[in-house]
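Below is one structure; the comments refer to it alone.
Taken together, the values in this text are just the output of simple stated rules run on the coordinates, not laboratory data. It should be emphasised that the depicted structure is a prediction, and the values quoted were computed from it without experimental measurement.
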Amino acid sequence: MRLTSLAIPLILLAAVVGCSVVGCSSRANSASDQPNVLPDASSLPIGLTETGLSPDRRRLVHYEAARDTKGFHIFVSNADGSNSQQITHSPASEADASWSPDGNRIIFVRAARYRPYSMGGMVWDRYDIWAVKPDGGDEKRLTSENFYQAGGPHFSPDQRQVLFWAYREPPHDALQGQPGGEDIVIADLNENGSLMALRWMPTTPGPDGRSFFSALNRDPSYSPDGATIAFISNRVGRVSPYDYEVWLTDPAFSRMVQLTHLHSRLSSPTFTRDGQYIFFTDQPLVDSALPLWRMKPDGSDLKRLR
């Protein structure tokens, strides 16, 4: 079974447990030297609940390669992986499934078109956000944007909003030929469960503070209280080809705070369930395990766990 969408959350748990038992190395001049401590259930990454395990910890949601198309479908199984049931059956490709906080809905992205890519091969596009019940019933399209790319949808802790990232066309004042970028999106849910007007993260300025910059802003996740959003961005400019750092913002996008300065390809920042730490991953070295990091929400106590 291919539990693609669970890869990051389950790796996070395995790494934390493994490091607490055998110890892990840390990067010089970057991380705390305090010993690793196995967290209790209250401090396990939120991703284990919202992305993989259901809130009651009895079910898993994941996506697998489809037998009938070139894409993927969403599946729900018992927490141990048994009794896996396919809950989406469209001719499209679905991925990035996560649970609502009450466990009654699953939100995911669906790509409607499979087409030749300009640089060779094939690619899925025309993405939108969808939701479905865990038994596959009441499937509902939440957006009708046909995004070139989109991913990482999550319900807010109060279930009144949806957070995700999507490809954004360049602004009207961008230089001719300037590509678009990937930005964070928040939308309120209306009474019938569809999304109201999308609120985009403000366009990223260039390194000179003025010109448009084709930045990547993705992998958003909420803090437990919904007041803070962690995400990955290269918005300060590419110091290196892998300068993707962890940032924080708020649901109004009124502040932007850079937490890390590792000059690496970081990904998947995830708050612990008690809000005391943020876990995130790094680009692995050749033939090495996926590096796992942990820090406090103010950027302190940075430590590589694996």
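Around the amide H of Tyr244, modelled in the peptide plane, lie the amide H atoms of Ser264, Arg265, Leu266, all under 5 Å away and 5 or more residues distant in sequence or on another chain. Under 5 Å between amide hydrogens, built in the peptide plane, is the criterion, and for Glu139 it picks out Lys133 among residues at least 5 positions away or on other chains. Straight-line reach from Lys70: taking Cα to Cα under 12 Å and skipping same-chain neighbours fewer than 8 places apart, the aspartates and glutamates in range are Glu94.
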